[in-house]
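Peer 1: This is the structure I have questions about; it appears just below.
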Amino acid sequence: MIRHATYVRKTGLFMLAIFVGLAASIGIGWWQVDGPGSDRPMNKTKAVISPIKSMSFSLTDHEGASVGPEILLGRPSMVFFGYTFCPDVCPTTLADITGWLEDLGPDAKHLNVVLISVDPERDTPAVLADYVAAFHPKIRGWTGSLQDLSRAASAFRVTYKKVPLDDKDYAMDHTSSVFLFDASGQFRNTIDFHENREIAVPKIRRVLRDR
Amino acid sequence: MLRLLSQALLSIVFILSALPVSADSTRVGDLVIDSPWARASIGMSRPAAAYMTIRNEGTVSDALLAVSTPLSGMAEVHATSTKNGVMSMGPAGPVEIQGGGNVLLAPGGLHIMMMKLKKALIKGKTVEITLAFKRSGKVTVTAPIYGPGATRPE
């Protein structure tokens, strides 16, 4: 009888251990995939990009004018980071954005669209001017000193890193999301690289509608 | 008579359809390179990219080892990848094309990165790209150049 009780207790403990184990793994799984532990950039950025009004940085646009976060207030804004030495993804992103703006038609004029260079050493205002000229006229290019870039990038929680290629050339790893802000400068959404036009354009329309 | 004529026409259509689908396919060994195209460069100080599809109609795997073009002092196959929202780009190394498989070089993934341009890539012109394969050897394809914002062969 005593033996039997021990057996029951042991089995019970065993079942409990399995249950706790299962619950823990489900919990950990949720934490990592959907929960706060998720490393999906959407969740991360959604949680942490502070309002434009709290940002402080100073850059130069592709026409040589001095610009800062205040330029992004009063209208909804689309901000993304890139560099002109990137012949593959950056033109693709700019071409996508050009397509979105064309879809928006006359509404596009109510938007700020800004590309901030993560490669100010090569991307002078003149280089950026050449580059943005190949895309939608709404797209502005911003650049500055390395220090200015670092301030701007941290304001948008963007990371970037120089990666050497052969023969003194280099590429820049960088956060590739497009950030959407409403007219008051509140962060509203991100559009990720290669997101379909059918998804991207309504996201932009939403911030335009609420402007 | 009419029947004979229609049969002849049908067989011509049949023969034509058996030929490579488009004029922009190039064959080397078991490999077929389809629809090569390039993006116009913005000036000469920044690199340009080119894309294509490589099909392996054989049964043995092959690999793209090197690329070159007279317009560029240094051309390499590069890969773009995204991890945790951060995009990186760098040399892809040898690109394997398995027997019966195909490899797509397309915007946002594998691309031929033409650096140290000797001449700008101008929209409406073409660029010759030489591909060196491990088994099939070398082949040169002629890629039409589209606008700097092109995202697919036009």
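Peer 1: Within the set of pairs 6 or more residues apart or between chains, which connect a residue that is over 17 Å from B:Gly149 (Cα atoms) and away from chain A (no Cβ under 13 Å) inside region B:114-133 to a residue that is charged (D, E, K, R) and surrounded by 14 or more Cβ atoms within 10 Å (Cβ to Cβ) with Cβ atoms less than 8 Å apart?
Peer 2: Final answer for the pair search is B:Phe133/B:Asp62.
Peer 1: If B:Thr142 meets every condition in (1) at pLDDT 95 or above; (2) more than 8 Å from chain A (Cβ to nearest Cβ); (3) surrounded by 14 or more Cβ atoms within 10 Å (Cβ to Cβ) apart from one, which number is that one?
Peer 2: (3)
Peer 1: Out of region B:113-130, which residues are loosely packed, with under 15 Cβ neighbours inside 10 Å and aliphatic (A, V, I, L, M)?
Peer 2: B:Ile122
Peer 1: Right, next: I'd like the full set of residues that are closer than 28 Å to B:Lys119 by Cβ, at pLDDT 95 or above and surrounded by fewer than 17 Cβ atoms within 10 Å (Cβ to Cβ), limited to region B:55-93.
Peer 2: Across region B:55-93, the qualifying residues are B:Leu65, B:Ala66, B:Pro70.
Peer 1: Does B:Ser136 satisfy the criteria of being more than 14 Å from chain A (Cβ to nearest Cβ) and among the polar types (S, T, N, Q)?
Peer 2: Numbers: more than 14 Å from chain A (Cβ to nearest Cβ): yes; among the polar types (S, T, N, Q): yes.
Here the answer is yes, as B:Ser136 does meet what is asked.
Peer 1: Counting residues that are farther than 23 Å from B:Gly147 by Cα, assigned by TED's automatic domain parsing to the domain that holds A:Cys86 and in contact with a Lys or Arg (Cβ under 8 Å, 6 or more places away or on another chain), which strands (runs of 3 or more DSSP E) fully inside region A:107-211 reach at least 3? Give the steps one after another, and end with the answer.
Peer 2: Working: elements: A:112-117, A:139-143, A:160-164, A:170-175, A:178-181, A:187-191.
By residue number, A:170-175, A:187-191.
Peer 1: Turning to a different aspect of this structure: What residue, among those in region A:171-195 that are of a type outside the set (Asp, Glu), closer than 22 Å to A:Gly99 by Cβ and more than 8 Å from chain B (Cβ to nearest Cβ), is surrounded by the fewest Cβ atoms within 10 Å (Cβ to Cβ)?
Peer 2: At the first step, the residues of region A:171-195 found to be of a type outside the set (Asp, Glu) are A:171-172, A:174-181, A:183-191, A:193-194.
Next, only the ones that are closer than 22 Å to A:Gly99 by Cβ stay: A:174-181, A:188-191, A:193-194.
Going one step further and asking which of them are more than 8 Å from chain B (Cβ to nearest Cβ), we end up with A:178-181, A:188-191.
Values: A:Val178: 24, A:Phe179: 22, A:Leu180: 23, A:Phe181: 24, A:Arg188: 17, A:Asn189: 19, A:Thr190: 22, A:Ile191: 23.
Among them, the one singled out is A:Arg188.
Peer 1: Would you confirm whether any residue within region B:27-49 is touching a His at 6+ places or on another chain (Cβ under 6 Å) and either at pLDDT 95 or above or within 30 Å of A:Ala95 (Cα to Cα) (or both)? Steps first, please.
Peer 2: Kept after step one, since they are touching a His at 6+ places or on another chain (Cβ under 6 Å), are these residues of region B:27-49: B:49.
When the remaining residues are screened for being either at pLDDT 95 or above or within 30 Å of A:Ala95 (Cα to Cα) (or both), the result is B:49.
Within region B:27-49, one or more residues are touching a His at 6+ places or on another chain (Cβ under 6 Å) and either at pLDDT 95 or above or within 30 Å of A:Ala95 (Cα to Cα) (or both).
Peer 1: Touching a Gly at 6+ places or on another chain (Cβ under 7 Å) and either under 18 Å from A:Ile49 (Cβ atoms) or charged (D, E, K, R) (or both): does that describe A:Thr159? Talk me through it step by step, then tell me what you get.
Peer 2: On the way: touching a Gly at 6+ places or on another chain (Cβ under 7 Å): no; either under 18 Å from A:Ile49 (Cβ atoms) or charged (D, E, K, R) (or both): yes.
Spelling it out, it is not the case that A:Thr159 is touching a Gly at 6+ places or on another chain (Cβ under 7 Å) and either under 18 Å from A:Ile49 (Cβ atoms) or charged (D, E, K, R) (or both).
Peer 1: Can you find, within region B:29-63, the residue that is nearest to the other protein chains (Cβ to nearest Cβ) among those that are touching a Phe, Trp or Tyr at 6+ places or on another chain (Cβ under 7 Å) and over 23 Å from B:Pro148 (Cβ atoms)?
Peer 2: The selected residue is B:Ala63.
Peer 1: Right, next: Would you call A:Lys161 out of contact with any His (no Cβ under 6 Å at 6 or more places or on another chain) and farther than 21 Å from A:Phe57 by Cα? Walk me through it before giving the result.
Peer 2: Working: out of contact with any His (no Cβ under 6 Å at 6 or more places or on another chain): yes; farther than 21 Å from A:Phe57 by Cα: no.
No; evaluated as a whole, the condition is false for this residue.
The values are calculated or read from the model by the stated rules, or taken from the named source; none is laboratory data. Everything numeric in this text was worked out from a predicted model, so none of it was measured. Reconstructed Cβ throughout: ideal geometry from the backbone, glycine too, with neighbour counts over all protein chains shown.
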